[in-house]
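Derivation of every value follows stated rules applied to the coordinates shown; laboratory data play no part. Everything numeric here is computed off the predicted structure, so don't read it as measured data. Here Cβ is always computed from backbone atoms with ideal geometry, including for glycine, and neighbour counts include all displayed protein chains.
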Amino acid sequence: MFEPATQFSIFLTNKPAVLSQVCNALADKHVNLMAITLMDSVEHGVVRLVPMNVEKCRVVLQGLDLPMTETEVLKTVLPNKPGALADVCTRLNAEKISIRYAYVTAGASGGKTTGIFKVNDANKALKLKASKSKKSAGRTEKKVTRKGRGRKG
């Protein structure tokens with residue numbers, strides 16, 4: 001179900017072009033990302049990213065001389081459908097594994113997405129086997145229709 005992955009958290013000052021500097025440096029060295037998220041606060045932003053090639057990414061980021069950390073996270077491939085994330089969260093909860101944070105990539109309709117999870121017990125989570133839950137098998141997409149607010153007549 002899960003595989004270990006390395007995540008880099010880069011702490012950026014809230015100034016123009018700082019994120020662009022990181023993205024351009026990675027692009028120039030052909031570092032492909034499997035997932036990325038950006039959070040901000042008053043003083044700084046935090047970019048969390050999971051690269052396809054950890055060593056290459058590490059070298060590029062070290063060359064930028066920005067404060068950063070490396071963290072072990074878990075990755076999993078999810079179907080791009082309603083309930084997929086809920087199913088993973090439910091399975092972790094059933095095993096008493098707390099999710100500290102999570103983010104997912106956007107996927108194409110009918111395709112797959114990648115979920116990144118930081119949990120309190122990675123070793124326990126890595127032992128979970130992939131399975132189809134009964135709940136997810138019964139989930140279906142529902143088309144939502146809205147009543148028009150246009151003029152009558």
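The table below gives the values:
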read-out: Cα→Cβ-extended label distance, 7 Å offset, between T69 and N24, nm; value: 2.9
read-out: Size of electric dipole in the range 3-71: Cβ of Lys, Arg +1 and of Asp, Glu -1, about Cα centre, debye, nearest 20; value: 120
read-out: Extension reserve of the K124-N14 stretch, reckoned as 0.36 nm per residue once the Cα distance is removed; value: 35.9 nm
read-out: Potential lengthening between L85 and N32 on full extension [0.36 nm per residue; Cα-Cα distance subtracted]; value: 16.7 nm
read-out: Binned Cα-Cα distance frequencies in the range 73-130 - 5 Å width, integer %; value: 4, 19, 32, 25, 13, 6, 1
read-out: Global geometry of the range 1-75, whether rounded, prolate or oblate, following the gyration tensor of its Cα atoms and the 1.5 cut on a/c; value: oblate
